[in-house]
Each structure stands twice: as C-alpha cells, then as structure tokens.
1. How many residues does segment 149-163 hold that are at negative phi and exposed (fewer than 13 other Cβ atoms within 10 Å of the Cβ)?
2. Any residue at all in segment 102-115 that is touching a strand residue (DSSP E or B) at 6+ places or on another chain (Cβ under 7 Å), under 24 Å from residue 56 (Cα atoms) and in a helix (DSSP H, G or I)?
3. I want to confirm something. Restricting to segment 255-272 and keeping residues that are under 19 Å from residue 203 (Cβ atoms) and buried (at least 18 other Cβ atoms within 10 Å of the Cβ), which single residue is nearest to ligand 1 (Cβ to nearest atom)?
Amino acid sequence: RAKDQGRDCYHYFTEELNAQAIRQLVLEQELRLALNTNQFSLAFQPQFDFKQGRLISVEALLRWNHPSQGMVFPNDFVTVAEETGLIVPIGNWVLRNACKQIRQLQVVTGRNIKVAVNLSMRQFHDEQLEDNIAQALQYSGLKAKYLELEVTESMLMGDVDMVVARLTRLKSTGVSIAIDDFGSGYSSLSYLRKLPVDVLKVDRAFVRDIPEQLHDMEITAAVIAVAHKLGLKVVAEGVENIDQRDFLMINRCDYAQGFFFSRPLSYTGLNEFMQRNECRQKFELSIYPPED
Ligand code: C2E
Ligand code: MG
Ligand code: MG
Ligand code: MG
C-alpha cells in the first residue's frame, strides 16, 4: 500500500512537472512572439520630490498586452524571461523605449524629468549592457544624467571588488544607480558604503504598515538617516496614504512613489498628468514638520 502510494505521488509529481514545463515552453514562445509583434508597452509611475512638491522622475514598468489574456504584469512573466535569457532582448527594448518616450515627453512638456529602468540579473551581468545603454541614449537623444538604473540587492551579492567594478563601469556611462526594494534582501547599510550607488529605494514592505507598525517606522527612519550620512538619496516605494506621506516627509525622505500620488500611467496619461500640474496639494503636510 505504501509502495503504491509512493508511486502515485511520483506520478503525480512528474505530471505536475510536465505540466509546468509545458506552461513554461508556451510562455517562452509567446514572449518571443510578443517581442516580435510589439505586444509590450511601458507604464510610467511618477516619483515626486518632497522638498519641491514636484514630479521629477518616473519609473518605467513593463506591460504585456497579451492577445487573449489582456494586460499581463511583469511578476507573471519576468522569471521565465530571465530563465530563458529572453529578458536580455526584452530589457533592451525597455531601455530604448523608456529613453525614447521620456525624451519625447521632455520636449513636449519642456521639463527635464528622469526615467528609472529596472534591470534584470542577466542584463546586469551582460557584457554588452554598457553598449546597449549608450545606444539607447544616442538613439533617443536622452542625456545620460536623466537615466537611472534600478538593481536589486541580490545582484550586488558576491565578490565585492567585482560588483564595485561592474557598477563603476555602468556609472561611467553617466547614468545613476538605484538599489530597488532595499531591505528585502540581505545586504546591509555597511556593505552599501562600499558601493558606488546614488539612490536607495526603501522596500514597499516597510512603508506598507506605517503608522501601525512601530518597528517598520523605526527601521525606515534609520535607513533614511544612515543613507543620508552615506550621501545617498532615498525613495520610498508604495506610499498609499497621508499618514505614510507625513511620516516620510518628517523623516526627510527625499522622494516618494506610490498610489497616493499616482498609479503607473500610459505615456498619454503621464503627459496629461504633467500638464494638469495639480500635485502640489499632495505635499501640504497635514501636521507641522519639526524645526531644523
Ligand atoms: P518594482 O521595480 O519594485 O516596481 C514597483 C511595483 O510596485 C510596480 O509593480 C508598481 O505598480 C507597484 N506599486 C507602485 N506603487 C504602489 C503602491 O502604492 N502600492 C502597491 N501595492 N503597489 C505599488 P509592477 O509594475 O507590477 O512591477 C512589479 C515588478 O516587476 C517591479 O517591481 C520590477 O521588479 C519588475 N519589473 C517591472 N518592469 C520591469 C522591466 O522592465 N524589467 C525587469 N527586469 N523587471 C521589471
Ligand atoms: Mg523598480
Ligand atoms: Mg521596488
Ligand atoms: Mg519589486
């Protein structure tokens, strides 16, 4: 009986594996087709400067307009794209199009906003990344100082000298570097000190339960303070309400991104958002900040 059961389990297990392998293969083929038939698009989520109360940057977020499933979000396909290596050409498409659309928006609005692009692990280790960045900048006419690359802590683990060399070469193209989802991985603030990065994005998980979770507030405040001592700017991700905004402003966080200010927008939506220019009231504190 036990033996039978074992065999059933085994069968079940391999069937599951097969089903998953097939799903992955289908997805891979679909992603290839998506790239060749223009099914990808970008959404842009505004980032605001707390001091100026202004939109100063946007994060480019990949969207897949699937022919039968409708909009598919990156968490549902980036892993397979990464495993198959397809993320490299897809990531290149993102780089070129983010630069091109934001350069166009700079011209249309007369404002030099920045754009942040998410890199994948494969792209980060790709020897051709610098060339691809240079090409995207040249093709779009966007100046390097308006492009920011977002990397995650996991990409920065390993041999410190190698990581520093990698980041230094990337920065030599003139772009800035942000660490995305900071606090969700295993890197520490003391490790960060050694890395040539510019911006730290505090993970949404720390912002989410402000003001209920005292510990999250303490961690967030401490991360902001130490980051500033290291000369880094801090972006808070996932700001959804006034309490979170007030807390971050009072603790001198530099920039904010989140549904409270704006959801990710299409190019047209972003253009309209910038023309309306009505975001100032989002920065009027509901409580008084402490004196300097
Ligand atoms: P991320 O880089 O941390 O991007 C922020 C994600 O949080 C976005 O999800 C955004 O829509 C969402 N978000 C922003 N504000 C709020 C908020 O106030 N509340 C909540 N609940 N969520 C908020 P999205 O667009 O689904 O992207 C998910 C992840 O997929 C990104 O996380 C990033 O890691 C990855 N990704 C997106 N675009 C690309 C890309 O072009 N290349 C690569 N390699 N990865 C990408
Ligand atoms: Mg990001
Ligand atoms: Mg993030
Ligand atoms: Mg994330």
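1. Of the residues in segment 149-163, the ones at negative phi are 149-157, 159-163.
This time we only want the ones that are exposed (fewer than 13 other Cβ atoms within 10 Å of the Cβ), so: 159-162.
The qualifying residues number 4.
2. Initial filter on segment 102-115 (touching a strand residue (DSSP E or B) at 6+ places or on another chain (Cβ under 7 Å)): 102, 113-115.
With under 24 Å from residue 56 (Cα atoms) added as a condition, the list becomes 102, 113-115.
In the following step, the residues that additionally are in a helix (DSSP H, G or I) were identified as 102.
Within segment 102-115, one or more residues are touching a strand residue (DSSP E or B) at 6+ places or on another chain (Cβ under 7 Å), under 24 Å from residue 56 (Cα atoms) and in a helix (DSSP H, G or I).
3. Out of the qualifying residues, it is 258.
For every residue, the table says whether it meets (1) assigned to a loop (DSSP other than H, G, I, E, B); (2) without any contact (Cβ under 8 Å) to a residue 24 or more places away in the chain; (3) within 16 Å of ligand 2 (Cβ to nearest atom).
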residue	(1), (2), (3)
197	yes, no, yes
211	yes, no, no
219	no, no, no
231	yes, yes, no
239	yes, no, yes
246	no, no, no
275	no, no, no
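A quick yes/no check of all residues on (1) in contact with a Leu (Cβ under 7 Å, 6 or more places away or on another chain); (2) at pLDDT below 95; (3) within 16 Å of ligand 2 (Cβ to nearest atom):
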residue: 128; (1), (2), (3): no, no, no
residue: 133; (1), (2), (3): yes, no, no
residue: 143; (1), (2), (3): no, no, no
residue: 184; (1), (2), (3): no, yes, yes
residue: 189; (1), (2), (3): no, yes, no
residue: 200; (1), (2), (3): yes, no, yes
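The values are calculated or read from the model by the stated rules, or taken from the named source; none is laboratory data. Please read all numbers here as calculations on a predicted model, not as lab measurements. Note: ideal-geometry Cβ built from the backbone for every residue, glycine included; neighbour counts use all protein chains shown.
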